[in-house]
Amino acid sequence: MTKRTKIILATVASIVALAGIGGCSMTQKENNKQDKKVASSKKAIKDENEAIKQKQLAYLKEHEQEIIDYVKAQNPKVESVQIDWEETQWSDGGLTNPEYYINVFGRINNIEDSGWGVDIPINDDKSIDMGGMFMLHGPTIGGDPIA
């Protein structure tokens, strides 16, 4: 190969390499912009979901007496009901049930190792279905059902 051919090939290779680097740089900048947009969208969705949860929790607190009455109705030995709002959880129904629920927990009769939990359905419009409230098992003391 002649010296001139080598110089031409080296020049062409350099131009191709520089174009590739520039293209990669431009692509990286576009990817960074896209990543920022996605992160911003995710944050907005997270903020919106948190606001919805706070409204739902406020609604439940306004209807606290309905929850208390429901838990009391499960066993005549339940004289008082304490709700632990800090333990409230949002969950879906799992693989076989696509519905979403708010899980509310607490104690009974001011007994430290007592417990209960109710599931309250969330409607498609994010409202709460108090009429659909249910309990999988009755109140317990020390993990055992109240006799």
Say we look at the range 108-129 and pick out the residues that are out of contact with any strand residue (DSSP E or B) (no Cβ under 7 Å at 6 or more places or on another chain) and acidic (Asp, Glu); which of these is nearest to ALA147 (Cα to Cα)?
GLU112
Picked from the range 56-69 (must be farther than 12 Å from VAL104 by Cα, open to solvent by 70 Å² or more (accessible area, probe 1.4 Å) and free of Cβ contacts under 8 Å to residues at least 40 places away in the same chain), the residue farthest from the chain's Cα centre (by Cα) is ASP69
Breaking point among (1) open to solvent by 60 Å² or more (accessible area, probe 1.4 Å); (2) out of contact with any Asp or Glu (no Cβ under 7 Å at 6 or more places or on another chain), for GLY117:
(1)
For residues that are in a helix (DSSP H, G or I) and open to solvent by less than 80 Å² (accessible area, probe 1.4 Å), scanning just the range 70-93, find the one that is nearest to TRP116 (Cα to Cα).
VAL71
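The values are calculated or read from the model by the stated rules, or taken from the named source; none is laboratory data. Computed from a predicted model, the values in this text were never measured in an experiment. Here the Cβ is made from the backbone with ideal geometry for all residues, glycine too, and neighbour counts use every protein chain on show. To get the accessible areas, we keep the full protein, side chains included, count just its heavy atoms, and leave off ligands, DNA and RNA. Shrake-Rupley method; radii C 1.70, N 1.55, O 1.52, S 1.80 Å.
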